[in-house]
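A.B. asks: Okay, here's the structure, questions in a sec.
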């Protein structure tokens, strides 16, 4: 929803006062609720302001319904390419656990081709798709800022590759 440093907490008031005795003050939401106008730390004002700007922008552009729908469309497009590749691209995540935002896959039959795919993708301005060292392969992130056209471009590239 915003830059690093912003934490949004949604807590039931009925849970206040039930924190374990060893709960740090920064995680005791009742302490914050009972001290309006005072803070246990300095709030990241710039990050909160930017988050407010982003939320306003998102609401003006259709809100959660629009972004939820976009995530569904983008992930379906990409998973369709992966799943219909005849095993060329392989996603090992069980269907019910697949992310609509971050999609990992491998070129299982020839893992060495993954570096070539990454290099060729960069020539098409498709960047930062190398997987994490603990989860190697290709990692596609389709956060809210990624337009549908960007995923369409990616899918065309993957089919061509």
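A.B. asks: Kindly check whether there is at least one residue in region 40-57 that is in a loop (DSSP other than H, G, I, E, B), within 22 Å of residue 12 (Cβ to Cβ) and modelled with pLDDT under 95.
C.D. replies: Scanning region 40-57 turns up at least one residue that is in a loop (DSSP other than H, G, I, E, B), within 22 Å of residue 12 (Cβ to Cβ) and modelled with pLDDT under 95.
A.B. asks: In the same structural domain as residue 150 (by TED's automatic domain parsing), surrounded by 13 or more Cβ atoms within 10 Å (Cβ to Cβ) and either over 30 Å from residue 159 (Cβ atoms) or in contact with a helix residue (DSSP H, G or I) (Cβ under 6 Å, 6 or more places away or on another chain) (or both) - does that describe any residue in region 1-8?
C.D. replies: no
A.B. asks: Then there's this: Any residue in region 79-94 that is surrounded by 13 or more Cβ atoms within 10 Å (Cβ to Cβ), in contact with a strand residue (DSSP E or B) (Cβ under 6 Å, 6 or more places away or on another chain), free of Cβ contacts under 8 Å to residues at least 40 places away in the same chain and assigned to a loop (DSSP other than H, G, I, E, B)?
C.D. replies: The answer is yes; a qualifying residue exists.
A.B. asks: Hey, could you check region 96-138 for residues that are under 19 Å from residue 71 (Cα atoms) and assigned to a helix (DSSP H, G or I) and say which is farthest from the chain's Cα centre (by Cα)?
C.D. replies: Out of the qualifying residues, it is 96.
A.B. asks: Confirm whether residue 100 is in the same structural domain as residue 80 (by TED's automatic domain parsing), more than 16 Å from residue 159 (Cα to Cα) and surrounded by 16 or more Cβ atoms within 10 Å (Cβ to Cβ).
C.D. replies: In short, yes.
A.B. asks: Let me ask something else about it. Can you confirm whether residue 109 is loosely packed, with under 15 Cβ neighbours inside 10 Å and over 29 Å from residue 135 (Cβ atoms)?
C.D. replies: Considered against the rule, which asks whether it is loosely packed, with under 15 Cβ neighbours inside 10 Å and over 29 Å from residue 135 (Cβ atoms), residue 109 comes out as no.
A.B. asks: Quick one: in region 139-151, of everything that is assigned to a helix (DSSP H, G or I) and touching a helix residue (DSSP H, G or I) at 6+ places or on another chain (Cβ under 7 Å), which residue is nearest to residue 77 (Cα to Cα)?
C.D. replies: Here the residue is 151.
The values are calculated or read from the model by the stated rules, or taken from the named source; none is laboratory data. Source: prediction; values computed, not measured. A quick note on method: Cβ atoms are made from the backbone with ideal geometry, for glycine too, and the neighbour counts reach across all protein chains shown.
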